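Please treat every number below as a calculation from the coordinates, not as lab data. These numbers come from a predicted model, not from an experiment. Heads up, the Cβs are rebuilt from the backbone with ideal geometry, glycines too, and the neighbour counts pull from every protein chain shown.
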Amino acid sequence: MREADRLKRCPGAERAARALRHLQGRLRGAKPVRWALTRGYKSGLVALGERNTYLIPGRWVTVDWVGADVKVNLRDGGRLPFPRESQRFIYSAHLIEHLDDASILRLFSECRRILRPGGWLRVETVDAKRLVNAYLGGERSFFDYFVRGYRQYAVERAGVPTAVLEPHNLLVGELSSYLDSKTEPGGHLPVVASKAEVDRRLEELDLDGFGRWCVSLQTTDQYTSGGHVNCLHFEKLERMLREAGFLSVADVRNGYSVAGFPLRGIERPHRAFYSVYLEARGEGP
C-alpha cells in the first residue's frame, strides 16, 4: 500500500505525520541550524518563495515574506539582500504568478545582479498556454488535479459554490485567485465567471489579454491578498528575462537542467503537467 493511501485510511497516522513534519520544520528553521546548513547563508544557492517549513534541502537559503532565512516582500519591490555576483544558482517555483509584471521584472533584475558570472536562474510557474489549450481541447481529465484542490479548499472549507469545479472556472481560477482567512496557508480561492463569458473572451482576446481579464475579476482586497495575479507563458517570460539582462534562456522540463542545476530534493513533480520551466544564464562563461 502506498504511504499516501495508508495515511488516508488511518487519520491518527496522518495527524502524527503532520506533527512530525511540523517538528522537522521548526528544528530546520532554527537560526543556528540554518546558519550551519547554509554555511553562514553563503552556500551560493537561493530558493525564492520557499520557507524553512517546506523542508527543501537545507543548504538552500530560503527567501519569502515570512518563515524564511531572508524575509522580503517581493510584491512591494523588495531588494534581495545579497551582494552583487555572490550566488551560483537561484531557484523559483510557483512564485512569480503571485507578482505583477513590474514586480517580476524587478525580481529578475535583482537575480541578474546577485548571480555570479555564468550563474543560472531556474523558474517554474503556471503555464497559461497549457491551461488554455487543455480547456479548448476538452481535456477534462487534465483538470482533475484542480478539482480535488478546489473541492478541499474552496468548496468544503470556504463555502464557495461548486460551480468553481467546472472546467471554465478551473481555467480562470488558476490564472486569477486570492487568499482567504477561511483557508489554511496555501489555499487559493478562484474567481468565477460564466462559461459563455469565458468562451467569448477566449475568442476575442489574445492569451495575455485573456489573462488580464481574468485578473480584473478580482476586487481590490482580493488582488492585494497574495493570490495569482499574472498570466505567464514561455514567450512572455523569455522576453522579460532578456529585458532584465539575461543572455540565454532555455525551455526545460521538470527534473532536467541544461545548466547542471542541483535539483535533487528541491523540485517536485506533482505540478509538472501544468507548469512551464525556464533556465536563464547571466554574464560570463
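Most tightly packed first, judged by the mean number of other beta-carbon atoms within 10 Å of their residues, the peptides 93-101, 254-262 read 93-101, 254-262. Using the Cβ of Ala193 as centre and a radius below 11 Å, the other residues enclosed give a net charge of 0, where K and R count +1 and D and E count -1.
What FRET efficiency comes out for Glu235 versus Arg116 if R0 is 45 angstrom and r is the Cβ-Cβ distance? Round to the nearest 0.05. After rounding to 0.05, the efficiency reads 0.95.
Annotation: extensible slack from Tyr256 through Asp76 equals 61.6 nm (criterion: 0.36 nm per residue apart, minus Cα-Cα distance). Remark on Val160: its backbone amide H falls under 5 Å from those of Val155, a criterion applied only to residues 5 or more positions apart or on other chains, H modelled at 1.01 Å from N. Got a sec? Charge dipole of the chain, +1 on Cβ for Lys and Arg, -1 for Asp and Glu; which of Pro161, Ala128, Tyr54 is way out at the positive end? Of the listed residues, the answer is Tyr54.
The charge dipole of the chain, taken about the Cα centre with unit charges on the Cβ atoms of Lys, Arg (+1) and Asp, Glu (-1), comes to about 1600 debye, rounded to the nearest 20. The magnitude of the dipole of region 128-223, with charges of +1 and -1 set on the Cβ of Lys/Arg and Asp/Glu and taken from the Cα centre, is near 180 debye. In this structure the amide hydrogen of Phe261, modeled in the peptide plane, comes within under 5 Å of no amide hydrogen from residues 5 or more places off or on another chain. Please give the FRET efficiency for Glu283 paired with Ala196, using the beta carbon to beta carbon distance and R0 = 41 Å, rounded to the nearest 0.05. The value I calculate is 0.25. What residues have an amide H closer than 5 Å to that of Val61, excluding those fewer than 5 places away on the same chain, when H is modeled at 1.01 Å from N in the peptide plane? Those lying under 5 Å, H to H, from Val61 are Leu45, Val46, Ala47.
Of all complete DSSP H helices in the chain, those with a Cα span along the helix axis of 18 Å or greater and a mean Kyte-Doolittle hydropathy of 0.0 or more are 101-114. Counting alpha carbon pairs within less than 8 Å and at least 6 residues apart, what relative contact order, in whole percent, applies to region 128-223? The value is 26 percent. Once Rh is set to the Kirkwood radius over Cα pairs, what Stokes-Einstein translational diffusion coefficient, in µm²/s, holds for the chain at a temperature of 37 °C and a viscosity of 0.692 mPa s? In µm²/s, the coefficient is 164.
Ordering Val258, Gly245, Val229 by the projection of their Cα atoms onto the charge dipole of region 229-285, which places +1 on the Cβ of Lys and Arg and -1 on the Cβ of Asp and Glu, puts Val229 at the extreme positive end. Answer rounded, prolate or oblate for region 128-223, using the Cα gyration tensor with square roots of eigenvalues a ≥ b ≥ c: rounded when a/c is under 1.5, else prolate when a/b is larger than b/c, else oblate. In terms of gyration-tensor shape, oblate.
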